[in-house]
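The values are calculated or read from the model by the stated rules, or taken from the named source; none is laboratory data. Here the structure is a predicted model, which means the values were calculated and not measured. As a convention, Cβ positions derive from the backbone with ideal geometry for all residues, glycine included, and neighbour counts pool all protein chains shown. Just the protein is used for accessible areas: all its heavy atoms, side chains included, with ligands, DNA and RNA removed. Shrake-Rupley method; radii C 1.70, N 1.55, O 1.52, S 1.80 Å.
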Amino acid sequence: GGKAYEIEQSLICSQADASKIRRTPSSEGNRKTFTFSSWCKRSNLGSHQYLMGAFVSAGGSTDDSHYFAFGFNSSDEVAVGGWTQNFRYSNRKFRDTAAWYHLVLQVDTTQGTADNRIKIYVNGVQETSFGTKNNPSQNYDLAINNTVAQSISDTAYDSGTGPYHFDGYMAETHFFDGAVVAPSEF
């Protein structure tokens, strides 16, 4: 057996403990363009588990500018969702609890080509096969970078069946406000 070691810049997240990191920005960032990157290792399968998200609870608004989530759905697919529609569900399943996955989400709703507005990379390779594929409209302002709860390891949605805590390990997690960053940069 190998020796145990510590991975710096890492988190152990537990659904049972409702592990999360949340903050509410005092000013709005770029709600059209951002990149999220994280290495993750799953501990549990078969439930909604999100790596990041945002939720606007004020006013009871129910559109895609008020909710955003990125992680895994209950079918173990990589998922990106809004309030009224799911933007992406991969065809591929991610069920290896021994593997580390590097997930990169690039969002740029300013893109003229609809399919370029949301891109997902797994281990440096762009995911292109989706069972669900919808796009936000051009120049759409998403909930990410709004002045509401932004979360790592859940969606910040504390109602109903939320907030869908991630169960596993996260390491080297990065977020870029206003920039599309290539997976090779991490």
Take residue 53 and decide whether it is open to solvent by less than 60 Å² (accessible area, probe 1.4 Å) and touching a Cys at 6+ places or on another chain (Cβ under 9 Å). no
Checked 179, 171 against criteria (part of a strand (DSSP E or B), open to solvent by less than 70 Å² (accessible area, probe 1.4 Å), of a type outside the set (Val, Ile, Thr) and more than 18 Å from residue 69 (Cβ to Cβ)); the one match is 171
- Item | Qualifying residue in the stretch 102-111 (condition: open to solvent by less than 20 Å² (accessible area, probe 1.4 Å) and farther than 26 Å from residue 185 by Cα) | no
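Output yes when any residue across the stretch 134-157 is of a type outside the set (A, V, I, L, M) and free of Cβ contacts under 8 Å to residues at least 12 places away in the same chain, and no when none is. Outline the logic, then answer.
Step one: list which residues in the stretch 134-157 are of a type outside the set (A, V, I, L, M), which gives 134-141, 145-147, 150-151, 153-155, 157.
Filter once more, keeping what is free of Cβ contacts under 8 Å to residues at least 12 places away in the same chain: none.
No: zero hits.
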